[in-house]
1. Given the conditions (1) out of contact with any Cys (no Cβ under 7 Å at 6 or more places or on another chain); (2) closer than 16 Å to Thr136 by Cα; (3) open to solvent by less than 50 Å² (accessible area, probe 1.4 Å), and given that Met1 satisfies all but one, which numbered condition is not satisfied?
2. Determine which single condition Ala120 fails, assuming it passes every other condition in (1) under 18 Å from Thr190 (Cα atoms); (2) out of contact with any His (no Cβ under 8 Å at 6 or more places or on another chain).
3. For the structure I just gave you, tell me whether Gly11 is on the phi > 0 side of the Ramachandran plot, surrounded by fewer than 23 Cβ atoms within 10 Å (Cβ to Cβ) and not polar (S, T, N, Q).
4. So, restricting to strands (runs of 3 or more DSSP E) that lie completely within the range 65-178, which ones have at least 3 residues that are touching a residue at least 24 places away in the same chain (Cβ under 8 Å) and farther than 19 Å from Phe252 by Cβ?
5. Inside the range 114-167, can you point out the residues that are surrounded by fewer than 24 Cβ atoms within 10 Å (Cβ to Cβ), more than 21 Å from Pro208 (Cβ to Cβ) and of a type in the set (Gly, Ala, Ser)?
6. Suppose we keep only residues that are farther than 12 Å from Thr137 by Cβ and either in a strand (DSSP E or B) or without any contact (Cβ under 8 Å) to a residue 12 or more places away in the chain (or both) within the range 179-199. Which one would you say is farthest from the chain's Cα centre (by Cα)?
7. Which of (1) hydroxyl-bearing (Ser, Thr, Tyr); (2) open to solvent by 60 Å² or more (accessible area, probe 1.4 Å); (3) closer than 21 Å to Ser42 by Cβ is the odd one out, the single condition Thr77 does not satisfy?
8. Do the conditions hold for Leu222, that is, is it open to solvent by less than 40 Å² (accessible area, probe 1.4 Å), in a helix (DSSP H, G or I) and on the phi < 0 side of the Ramachandran plot?
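The values are calculated or read from the model by the stated rules, or taken from the named source; none is laboratory data. Given the structure is predicted, the values throughout are model-derived calculations rather than measurements. Methodologically, a virtual Cβ is constructed for each residue, glycine included, from the backbone with ideal geometry; neighbour enumeration extends over all protein chains shown. Note: areas computed on protein heavy atoms with side chains; ligands, DNA, RNA excluded. Shrake-Rupley method; radii C 1.70, N 1.55, O 1.52, S 1.80 Å.
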Amino acid sequence: MQLISWNIQWGRGADGRVDLDRVVAQARALADFDVLCLQEVSSGYPELPGCDGSDQFAALAQRLGGYSAVPGVATDTLGPDGRRRRFGNMVFSRYPVLRVLPHLLPWPADAQVASMQRLALEVTLALPSGPLRVTTTHLAYYSARQRAAQIERLRELHAEAVAQAALQWSVPPADGPFVHVPRGGRAVLTGDFNCRPDSPEYRRLQEPLAEGVPPYVDAWRLLYPQQPHAPTVGVHDRAQWPGPPFTFDFVFVSADLAPCVRALRVDAQADGSDHQPVLLTLDV
């Protein structure tokens, strides 16, 4: 299984142009991916640099036929033209999508900085080896307080999902929305975490949880324990990020999935965003 995670900055490349065709082409050039996790997908925001305000959720789904397209809307507001304005994440999967859970993350008031609602988009995929839970997210950038609260919620959601995956149902079979649909215990958590590998948020996400809950571990550290993380921000776009390139984008796996991690690579060539795509290969 090959999974790509990429903050596409609404398709705006290092040259300032918004080009979804380029985003899709560069993702396909990186790998014949089975799962694609995107952050910063936009609809109805023509004021974003280079953006025409069109519905990128629909446009990306049209370009990626053959995949199940799962939109995850974090910000949903009424625009000045009377239409909805939406911003968030998206998952594409070749595997059947058993369950979709869009989790709005905590947004504690912080008057000192600009902020917006954030989302963790969770899908449980039907793999031949059993259900796999994939979550993609994009945490607060300006507010450390909000980011810390969002990290705590990601930990809670993981513990909750593991408990539900292990639950032995004692009630009679149900119909309709009560019917039991699996929620994966084994898990991948991807996205733009807006924190660096030496940050307290990064460490906190991987701290032990309740007994019986395999904690999240950084797939990079599993494979390259002695190497610094490859940079994912500011590699090509030096206008927005004039300093040295750094890492905000990670792939975490639950500890019980760690033996399945075969490769992890940051694509340093792609210039379709201010972030670099990250490719995870799992033997599942």
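1. It is condition (2) that Met1 fails.
2. (2)
3. On the way: on the phi > 0 side of the Ramachandran plot: yes; surrounded by fewer than 23 Cβ atoms within 10 Å (Cβ to Cβ): no; not polar (S, T, N, Q): yes.
Against the criterion (on the phi > 0 side of the Ramachandran plot, surrounded by fewer than 23 Cβ atoms within 10 Å (Cβ to Cβ) and not polar (S, T, N, Q)), Gly11 does not qualify.
4. On the way: elements: 68-78, 84-93, 97-104, 119-127, 130-138.
By residue number, 68-78, 84-93, 97-104.
5. Listed by number, the residues that qualify are Ala114, Ser115, Ala126, Ser129, Gly130, Ser143, Ala144.
6. Val179
7. (2)
8. Values: open to solvent by less than 40 Å² (accessible area, probe 1.4 Å): no; in a helix (DSSP H, G or I): yes; on the phi < 0 side of the Ramachandran plot: yes.
Taking the combined requirement at face value, the residue does not satisfy it.
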